[in-house]
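The values are calculated or read from the model by the stated rules, or taken from the named source; none is laboratory data. This structure is a prediction, so every number in the text was calculated from the model and none was measured. Ideal geometry is used to build each Cβ from the backbone, glycine not excepted, and the neighbour counts take in all protein chains shown.
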Ligand code: HEM
């Protein structure tokens, strides 16, 4: 089992339900990092004894109290909000599915970066760009990341919002092909692409994977791998040629 730091947004906030928050709002906001931190000792005492009350589901199991205690002992860690580069976010629609992506650089190579979906209280969807710093910290070395989220979305929805360190962004959804996506390993991709005449210009490590740049004719395209799936981001005129080249190795078949 992985030993890893406890983070408020991932491991603590989900322990409290909407009814917990509503019933305790007279005392503090159980979904607010600062207020939970301020009231940590009272919460530890009461969740081990009689909170939530029995008619509302009953007190926490010992493991939940223990992880809450560990969060306190480790210094109330939480996630950082990330930022993307000047290209911003893109949201592309393919049928009833929308893919949201953003890329940029994390401060060092040990980070994780992802787009976290916030429960939609209606449409449009809301995401948060989280960065999780490494513990212990690693030397500064800006490292590329690409964060991606795909979600079902009716055609009437025309935007998605993302909150990051720079603020709240309303990202318009454009109708365009999402990346060519398939499940598989990167190893057979390069020879398959060379088989259709693509030249490999180089590979760069990114957080959680790598990105390879290729040239086919006069156009360039990128191949992202996160270790278990591949996304190929290519100009529209190259897509069919690339797909023919990789079809045999793409286990799960074309998604778009
Ligand atoms: C994980 C969920 C919950 C936590 C961490 C929690 C925590 C606490 C804490 C720390 C207090 C003492 C506050 C103070 O005196 O300033 C308290 C009191 C109280 N809580 Fe909760 N609570 C939770 C869920 C609930 C729920 C679902 C109800 C439903 C009615 C509830 C009802 C009350 C009431 C009525 C009091 C005041 C009476 C008393 O202190 O026993 N709580 N709770």
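Here are the numbers for this structure:
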| read-out | value |
| --- | --- |
| Segment 138-190: number of residues that are touching a strand residue (DSSP E or B) at 6+ places or on another chain (Cβ under 7 Å), assigned to a loop (DSSP other than H, G, I, E, B) and free of Cβ contacts under 8 Å to residues at least 40 places away in the same chain | 2 |
| Filtered residue count, segment 80-89, keeping only those that are within 14 Å of residue 207 (Cβ to Cβ) and touching a residue at least 24 places away in the same chain (Cβ under 8 Å) | 4 |
| Lone qualifier among 146, 168 - being under 26 Å from residue 230 (Cβ atoms) and either outside the structural domain of residue 209 (by TED's automatic domain parsing) or surrounded by fewer than 12 Cβ atoms within 10 Å (Cβ to Cβ) (or both) | 146 |
| Residue check for residue 202: at pLDDT below 90 and under 22 Å from residue 143 (Cα atoms) | no |
